[in-house]
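S.K.: Handing you a structure now.
The values are calculated or read from the model by the stated rules, or taken from the named source; none is laboratory data. Values in this document were obtained by computation on a predicted structure and should not be read as measured data. Quick reminder, even Gly has a Cβ in these numbers, built from the backbone with ideal geometry, and neighbours come from all protein chains shown. Just the protein is used for accessible areas: all its heavy atoms, side chains included, with ligands, DNA and RNA removed. Shrake-Rupley method; radii C 1.70, N 1.55, O 1.52, S 1.80 Å.
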Amino acid sequence: AQKITQTQPGMFVQEKEAVTLDCTYDTSDPSYGLFWYKQPSSGEMIFLIYQGSYDQQNATEGRYSLNFQKARKSANLVISASQLGDSAMYFCAMSGDDYKLSFGAGTTVTVRA
Amino acid sequence: KAGVTQTPRYLIKTRGQQVTLSCSPISGHRSVSWYQQTPGQGLQFLFEYFSETQRNKGNFPGRFSGRQFSNSRSEMNVSTLELGDSALYLCASSLAGTGIITDTQYFGPGTRLTVL
């Protein structure tokens with residue numbers, strides 16, 4: 001069974017600053033994928049970034065980067081230069097060989113002007 | 001390329017009724033997954049379909065069912081609705097399904113179901 005833990009229920013960040021969202025995971029699968037999604041108040045889940053368990057380098061997508069530490073089983077999301085539009089719920093998720101995503105509880109990010 | 005579409009976007013039903021939700025995946029995607037999102041339980045996996053076959057099912061009662069058509073469009077049905085079924089139902093599509101770990105799921109806007 002896979003388990004995703006996000007320990008930060010909510011965070012405040014000042015506009016233009018960076019913020020790190022924590023994600024730890026547990027799995028017995030030898031290979032797996034890690035994903036981050038953004039969910040604005042409208043409800044749609046927006047894919048942000050992906051990291052494969054065998055990837056040697058940390059993934060980056062524009063202002064998003066994933067700090068992957070395999071030995072510690074963590075996959076933290078870093079959002080640089082926060083914008084007001086970044087205010088949303090953020091979910092860490094994992095895929096394995098069972099055709100489903102397992103999600104964490106999410107972290108609410110509020111960007112202050 | 002058009003994204004995942006879900007219809008209807010909002011639905012109000014009463015206890016005991018049944019409901020059918022529809023999902024059209026991104027063109028070329030053959031895997032469709034369904035998730036239920038509630039404030040108390042978070043995001044929970046319902047089922048996944050690939051080429052009209054259900055490959056995995058979450059821990060939900062038999063009142064929850066789904067199917068996939070030959071054009072990859074999918075429907076889910078909930079019979080004998082209960083108050084606790086009120087939730088946001090999200091559909092996601094991907095090329096091949098997360099059995100291939102690089103496969104990314106793209107979500108639709110969701111159907112918000114309210115059971116009175």
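Residue-wise test of (1) free of Cβ contacts under 8 Å to residues at least 12 places away in the same chain; (2) touching a strand residue (DSSP E or B) at 6+ places or on another chain (Cβ under 6 Å).
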position: A:Q57; (1), (2): yes, no
position: A:A71; (1), (2): yes, no
position: A:A75; (1), (2): no, yes
position: A:V78; (1), (2): no, yes
position: A:Q83; (1), (2): no, no
position: A:A88; (1), (2): no, yes
position: A:A93; (1), (2): no, yes
position: A:G96; (1), (2): no, no
position: A:T108; (1), (2): no, yes
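S.K.: Suppose the filter is more than 20 Å from A:F47 (Cα to Cα), open to solvent by less than 10 Å² (accessible area, probe 1.4 Å) and either free of Cβ contacts under 8 Å to residues at least 40 places away in the same chain or among the aromatic types (F, W, Y) (or both); does B:F64 pass it?
M.R.: yes
S.K.: I need the full set of residues from the range A:10-36 which are without any contact (Cβ under 8 Å) to a residue 60 or more places away in the chain and open to solvent by less than 10 Å² (accessible area, probe 1.4 Å), in order please.
M.R.: Selection gives A:W36 alone.
S.K.: From the list A:A75, A:A81, exactly one residue is modelled with pLDDT of 95 or more and on the phi > 0 side of the Ramachandran plot. Which is it?
M.R.: A:A81
S.K.: For the range A:6-66, list the strands (runs of 3 or more DSSP E) that sit wholly inside it and hold at least 2 residues that are touching a Gly at 6+ places or on another chain (Cβ under 8 Å); which are they?
M.R.: A:33-39, A:46-52
Let's see how each residue does on (1) within 9 Å of another protein chain (Cβ to nearest Cβ); (2) closer than 30 Å to A:P30 by Cα; (3) of a type in the set (F, W, Y):
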residue: B:L21; (1), (2), (3): no, no, no
residue: B:W34; (1), (2), (3): no, yes, yes
residue: B:R55; (1), (2), (3): yes, yes, no
residue: B:S93; (1), (2), (3): no, yes, no
residue: B:L113; (1), (2), (3): no, no, no
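S.K.: In the range B:95-107, what residues are at pLDDT 95 or above and more than 7 Å from every other protein chain (Cβ to nearest Cβ)?
M.R.: Result: no residue meets the conditions.
S.K.: If you take the residues in the range A:37-72 that are more than 9 Å from chain B (Cβ to nearest Cβ), more than 15 Å from B:T102 (Cα to Cα) and among the small types (G, A, S), which one is surrounded by the most Cβ atoms within 10 Å (Cβ to Cβ)?
M.R.: My answer is A:S65.
S.K.: Sticking with this one: Out of B:N59, B:N71, B:N77, report the one residue that is touching a residue at least 40 places away in the same chain (Cβ under 8 Å) and either open to solvent by 60 Å² or more (accessible area, probe 1.4 Å) or polar (S, T, N, Q) (or both).
M.R.: Exactly one of B:N59, B:N71, B:N77 is touching a residue at least 40 places away in the same chain (Cβ under 8 Å) and either open to solvent by 60 Å² or more (accessible area, probe 1.4 Å) or polar (S, T, N, Q) (or both), namely B:N77.
S.K.: Go through (1) surrounded by 19 or more Cβ atoms within 10 Å (Cβ to Cβ); (2) over 21 Å from B:L90 (Cα atoms); (3) of a type in the set (V, I, T) one by one and return the number of the condition A:T107 breaks.
M.R.: Here A:T107 clears every test but (2).
S.K.: Output the number of the condition that B:T111 fails; it satisfies all remaining conditions of (1) at pLDDT below 95; (2) open to solvent by less than 40 Å² (accessible area, probe 1.4 Å); (3) more than 22 Å from A:G104 (Cβ to Cβ); (4) not hydrophobic (A, V, I, L, M, F, W, C).
M.R.: (1)
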